[in-house]
Amino acid sequence: MKRILVVGGGLIGIRHVEAVQAHAGCVLVGLVDPDASMGADFADMKDVVEPVDGVIIATPTHLHSAHGIQAAQRGWHLLIEKPVADDLQGARRLETAVTHAKIGSLVGHHRRYHAPVQQLKQVIAEGMIGTVVAANVIWAMRKPDDYFEGNWRTAGGSPVMINLVHDIDILRFVIGEISNTASIRGKGLRGKDRIESGAVALAFENGATGTISFADNAATPWGFEAGTGENPNIGTTHQDMMWIMGTRGAISFPSMTVWSGQHWGNAAQVRPILVAKNSVPPLTAQLDHFIDVMNGAPPLIDVADATRTLEIALNIEEQLSA
């Protein structure tokens with residue numbers, strides 16, 4: 001039975017608390033949050049004297065590195081929410097601390113645990129659509145105005161670091177490493193000096209290219225959360241939001257519609273495929289894996305791997321801010 005501490009009592013932190021409480025393989029040591037109204041058991045990690053095997057860090061991004069290092073120094077295995085840090089220096093300091101402490105690390109890019117995402121990776125690796133040539137992604141949701149009121153998101157709530165970082169990680173996971181990016185920023189509509197929309201071009205090391213169109217001020221059915229229904233706070237539409245094209249066909253996600261084709265003289269045909277279903281919610285699957293990591297299993301995405309996703313997201317953010 002693993003003893004797990006959760007740090008951060010926000011929306012995702014509470015979901016982690018509930019996942020730990022419901023899991024047969026672990027027990028909740030408590031919740032750490034300086035705001036007692038969040039139902040916290042401790043105000044700071046230094047207040048925890050109970051034995052802890054692993055810690056889930058779900059604090060604001062700018063605190064990830066410091067909190068992760070604090071946990072590593074106490075010898076606690078750690079699962080840290082995405083993005084792994086708010087800058088590369090912090091991510092690399094955390095990576096050094098994890099290596100020095102000889103603990104397991106896992107980063108909360110939990111979409112890698114979705115069964116259809118795992119299936120998408122397998123379909124591409126097996127060559128069902130041939131050599132990947134291009135990919136298109138759309139993430140476009142209209143966030144409510146009060147999402148930005150009276151908090152850090154007013155100026156720093158760019159959808160790149162909050163939302164696109166997930167899509168970037170999935171593209172790395174299923175297609176391969178991204179070698180270059182170019183970005184164009186859209187006009188802000190909320191009257192704030194904040195990135196709201198834009199377009200990103202991607203180059204992959206394997207020669208494929210891709211695009212991401214994004215907006216947090218557009219009401220559409222297209223986005224990972226809406227398409228998969230993975231977030232209870234976001235309405236489900238079951239619409240595709242990713243299209244991957246290859247030399248022998250194409251696939252759209254999350255419907256996992258596979259098209260097979262030869263050339264434009266013959267219409268591409270739908271190829272039936274049984275879509276994989278999540279046997280447990282992705283957050284639960286991630287917690288299962290975290291327990292395995294604490295027992296010595298290799299992580300699906302550790303601090304070093306997540307730092308590469310962070311670097312790409314930061315490059316895009318810098319291009320959009322120029």
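The values are calculated or read from the model by the stated rules, or taken from the named source; none is laboratory data. Only a predicted model underlies this, so the values are computations on that prediction, with no experimental measurement involved. In this analysis, Cβ positions are derived from the backbone assuming ideal geometry, glycine residues included, and neighbour counts consider all displayed protein chains. Just the protein is used for accessible areas: all its heavy atoms, side chains included, with ligands, DNA and RNA removed. Shrake-Rupley method; radii C 1.70, N 1.55, O 1.52, S 1.80 Å.
Given axes a ≥ b ≥ c from the Cα gyration tensor, I'd like to know whether the chain is rounded (a/c under 1.5), prolate (a/b larger than b/c) or oblate.
Values: a/c = 1.81, a/b = 1.45, b/c = 1.24.
Prolate shape, in that a/c is at least 1.5 and a/b is the bigger ratio.
Stretch Glu205-Arg248 to full length: gain in nm at 0.36 nm per residue minus the Cα-Cα span?
Numbers: separation 43, 0.36 × 43 = 15.48 nm, distance 2.01 nm.
13.5 nm is the gain from fully extending Glu205 to Arg248.
Scan the range 41-149 for trypsin sites (Lys or Arg not before Pro) in coil per DSSP, keeping those whose Cβ has at most 10 other Cβ atoms within 10 Å, and list them by number.
Lys102
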**Asked** What does the accessible area of Thr257 come to, in Å² to the nearest 10, when a probe of 1.4 Å is used?
**Response** 40 Å²
**Request:** Please report the relative contact order for the chain, taking Cα pairs under 8 Å with a sequence separation of at least 6, and give it as a percent rounded to a whole number.
**Result:** 19 percent
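Can you give the % of DSSP beta bridges in the chain that are antiparallel, to the nearest 5?
On the way: 31 of 57 bridges.
Antiparallel: roughly 55 percent of the beta bridges in the chain.
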**Prompt:** Say each of Ser37 and Thr220 gets a label point 7 Å from the Cα, pointing the same way as Cα to Cβ; how far apart are those two points in nm?
**Reply:** 3.7 nm
**Longest DSSP-loop-exposure-free segment, GluC sites (Glu not before Pro), the chain, at most 14 other Cβ within 10 Å** = 1-125
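Calculated FRET efficiency, Gln319 and Val27, Cβ-Cβ r, R0 41 Å, to nearest 0.05?
0.35
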**Request:** Sticking with the crude label model, points 7 Å out along Cα→Cβ, report the distance from Ser255 to Asp193 in nm, one decimal please.
**Result:** 4.4 nm
**Request:** Would you tell me the accessible area of Val6, worked out with a 1.4 angstrom probe on the heavy atoms of the protein chains, in Å² to the nearest 10?
**Result:** 0 Å²
**Prompt:** Ignoring ligands, DNA and RNA, what percent of the accessible area of the range 1-155 is carbon or sulfur (1.4 Å)?
**Reply:** 54 percent
**Item:** Hits among lysines - C-alpha to C-alpha of Lys277 under 19 Å, sequence gap 8 or more where chains match
**Value:** Lys121
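Work out how much length Glu177 to Gln89 would gain on full extension: take 0.36 nm times their residue separation and subtract the Cα-Cα distance, in nm to one decimal.
On the way: separation 88, 0.36 × 88 = 31.68 nm, distance 2.08 nm.
Contour length minus the Cα-Cα distance gives 29.6 nm.
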**Complete:** Excluding residues fewer than 8 positions from Lys102 in its own chain, the lysines with Cα under 23 Å of it are Lys2, Lys46, Lys82
**Accessible area of Trp243 in the full protein assembly, 1.4 Å probe (Å², nearest 10)** = 80 Å²
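Taking only protein heavy atoms and a 1.4 Å probe, what accessible area per residue, in Å², does the range 85-127 have with all protein chains in place?
Numbers: 1890 Å² over 43 residues.
With all protein chains present, the range 85-127 gives 44 Å² per residue.
What is the calculated FRET efficiency for Trp264 to Leu63, with r their C-beta to C-beta distance and R₀ = 51 Å, to the nearest 0.05?
It comes out at approximately 0.45.
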